[in-house]
Amino acid sequence: MFLISCAITAAQAAVAIWNVCFAGVFMPHLMNVYARLPMAFSHGEGAWLYDEQGRRYLDALAGIAVNTLGHGHPRLVKALAEQAGRLIHTSNLYQIREQEKLADKLADLSGMDECFFCNSGCEANEAAIKLARLYGHNKGIEQPAIIVMEKAFHGRTLATLSATGNRKVQAGFEPLVTGFVRVPFDDLAAVEAVAQHNSSVVAVFIEPIQGEGGIRLAHDEYIKGLRQICDAKGWLLMVDEVQCGTGRTGRWFAHQHAGVMPDVMTLAKGLASGVPIGACLVAGKATGVFTLGSHGSTFGGNPFACVAALTTLAVIEQDDLLGNALRLGDKIRNGLRAALEGVAAVTEIRGDGLMIGIELDRPCGELVQLALDAGLLINVTADKVVRLLPPMILNEAEADELVTKLSRLIRGFLGA
Ligand SMILES: *Cc1c(COP(=O)(O)O)cnc(C)c1O
């Protein structure tokens, strides 16, 4: 298909065919950084996406936890159309009413004090990292350090890839940003050990549920323990809720399951149902660290993105999508457990709400294409973990279909 639309040389065509077969689709003018599947979508409705040939797919990925309200949600479409006609962007040189409203709403839902808006997850995390460093400098710590986790994912900018616990993300981009101390995830003793000998630590930065790392959940007791250590040491507890936040786990924010308050929280992916936005929220001792001129963003918190977020939050609230995420999350996990019972190669089915991981005893990247062929969109992360992040508007029948199709695919793949 793309061979017809692009004038390319024979050599390029050979590379293109190679790429389709072995490393995703090649396009001559796109930087070749994604192993794309050789297909494209034309439109979507609810939890369904349609490809250019008119085939439909149940979307159990939601653009990697982004399309909270699924596709073409009538209330979001209407709100965005109206807002586009009114104002898309002004500037943070002026007051922005929609941004003020969104900050009020997020503060109300989270108990946090203040928000800074940007456009993506890594930017939200950059803000958190800068804020932690400034917090340290304000306390007279010249080389402030942040404790980060093994298998963490915080983004692809220099500071966030340095904070990420995955060598593949970092390789070739050295020198890395310094000032990170890495410890095993969900291991309080490891953090306590650092607390005893390292006096330049200013913060702990953690995903309450690791997403890219394989849907790995931190225990509530661990998060509570981190809160205690941070309180005792004067450190900031910073949670990266870029993937697990905004209702996906059945609470507004994943850390709320542990009943603690962080000092800093970052959000992005699902916050505006696909319109780019990021947010860095602060409470307690992190409040007031950034002052005039400390940080900024041209696009961050523009009226269009803020209306998308406000509408997303309003629909979650009005349609009880938190309850839906809890109910359907349990239904999907229990359904998969029942359907895959006795399959030894399925080592664990876990998650919270609509953030679900199915771990196998072997690499299973092939399942993505098999699922696609069966009309289902899923993802595999950390090599061996099937990751499900369906939109929060998923309904019971769709959840059932997901369980039936996926369990059949996994059994077929395993020959079980
Ligand atoms: C996706 C993700 C990021 C990075 O977000 P981008 O918008 O891609 O920059 C950061 N942290 C977590 C936990 C994520 O899942």
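Which of the residues belonging to region 347-376 are of a type in the set (A, V, I, L, M, F, W, C) and either at positive phi or touching a helix residue (DSSP H, G or I) at 6+ places or on another chain (Cβ under 7 Å) (or both)?
Correct list: Ile349, Leu354, Ile356, Ile358, Cys364, Leu367, Leu370, Ala371, Ala374, Leu376.
Could you tell me whether any residue of region 230-239 is within 14 Å of the chain's Cα centre (by Cα) and either away from the ligand (no atom under 12 Å from the Cβ) or not small (Gly, Ala, Ser) (or both)?
So the first thing to find is which residues in region 230-239 are within 14 Å of the chain's Cα centre (by Cα), and the list is 239.
Subsequent filtering for residues that are either away from the ligand (no atom under 12 Å from the Cβ) or not small (Gly, Ala, Ser) (or both) retains 239.
Yes, some residue in region 230-239 is within 14 Å of the chain's Cα centre (by Cα) and either away from the ligand (no atom under 12 Å from the Cβ) or not small (Gly, Ala, Ser) (or both).
Restricting to region 147-176, name every residue that is more than 12 Å from the ligand (Cβ to nearest atom), of a type outside the set (Gly, Ala, Ser) and closer than 25 Å to Ala195 by Cβ.
Ile147, Glu150, Leu176
Yes/no matrix, rows are residues, columns are (1) out of contact with any strand residue (DSSP E or B) (no Cβ under 8 Å at 6 or more places or on another chain); (2) at pLDDT 95 or above; (3) away from the ligand (no atom under 13 Å from the Cβ); (4) closer than 27 Å to Gln196 by Cα:
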{"site": "Gly85", "(1), (2), (3), (4)": "yes, yes, yes, no"}
{"site": "Met112", "(1), (2), (3), (4)": "no, yes, yes, no"}
{"site": "Ala132", "(1), (2), (3), (4)": "no, yes, yes, yes"}
{"site": "His137", "(1), (2), (3), (4)": "yes, yes, yes, yes"}
{"site": "Thr178", "(1), (2), (3), (4)": "yes, yes, yes, yes"}
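For the list (1) outside any helix (DSSP H, G or I); (2) hydroxyl-bearing (Ser, Thr, Tyr); (3) away from the ligand (no atom under 16 Å from the Cβ), I need the number of the one condition that Thr311 fails.
(1)
Go through region 141-191 residue by residue and tally those that are in contact with an Asp or Glu (Cβ under 7 Å, 6 or more places away or on another chain) and in a helix (DSSP H, G or I).
Residues meeting the conditions: 2.
Search region 56-83 for residues being within 16 Å of the ligand (Cβ to nearest atom) and not aliphatic (A, V, I, L, M), and hand back the single one that is surrounded by the fewest Cβ atoms within 10 Å (Cβ to Cβ). If you could, list the steps in order and put the result at the bottom.
Narrowing region 56-83 to residues within 16 Å of the ligand (Cβ to nearest atom): 61-68.
Those still in the list that are not aliphatic (A, V, I, L, M) too: 63, 67-68.
Working: Gly63: 18, Asn67: 27, Thr68: 30.
If we take residues in region 56-83 being within 16 Å of the ligand (Cβ to nearest atom) and not aliphatic (A, V, I, L, M), then Gly63 is surrounded by the fewest Cβ atoms within 10 Å (Cβ to Cβ).
Which residues, counting only those in region 245-273, are under 12 Å from Gly111 (Cβ atoms) and within 15 Å of the ligand (Cβ to nearest atom)?
Passing the criteria: Phe253, His255, Pro262, Met265.
Out of (1) within 11 Å of the ligand (Cβ to nearest atom); (2) in contact with a helix residue (DSSP H, G or I) (Cβ under 6 Å, 6 or more places away or on another chain); (3) touching a residue at least 60 places away in the same chain (Cβ under 8 Å), the odd one out for Ser120 is which?
For Ser120, the failing item is (2).
Within region 364-389, count every residue that is within 22 Å of Gly54 (Cβ to Cβ) and either modelled with pLDDT under 95 or not polar (S, T, N, Q) (or both).
10
For region 37-55, name all the residues that are more than 14 Å from Ile393 (Cβ to Cβ) and either touching an Asp or Glu at 6+ places or on another chain (Cβ under 9 Å) or within 16 Å of the ligand (Cβ to nearest atom) (or both).
Selection gives Met39, Ala40, Phe41, Ser42.
Please verify whether Gly140 is among the small types (Gly, Ala, Ser) and under 19 Å from the mean Cα position of the chain (by Cα), treating the condition exactly as stated.
No: the conditions fail for Gly140.
Starting from residues that are crowded, with 18+ Cβ neighbours inside 10 Å and more than 24 Å from the chain's Cα centre (by Cα), keep the ones in region 326-369 and report whichever is farthest from Val403 (Cα to Cα).
Among those that are crowded, with 18+ Cβ neighbours inside 10 Å and more than 24 Å from the chain's Cα centre (by Cα), it is Val346.
The values are calculated or read from the model by the stated rules, or taken from the named source; none is laboratory data. Nothing here was measured: the structure is a model prediction, and the numbers come from that model. Reconstructed Cβ throughout: ideal geometry from the backbone, glycine too, with neighbour counts over all protein chains shown.
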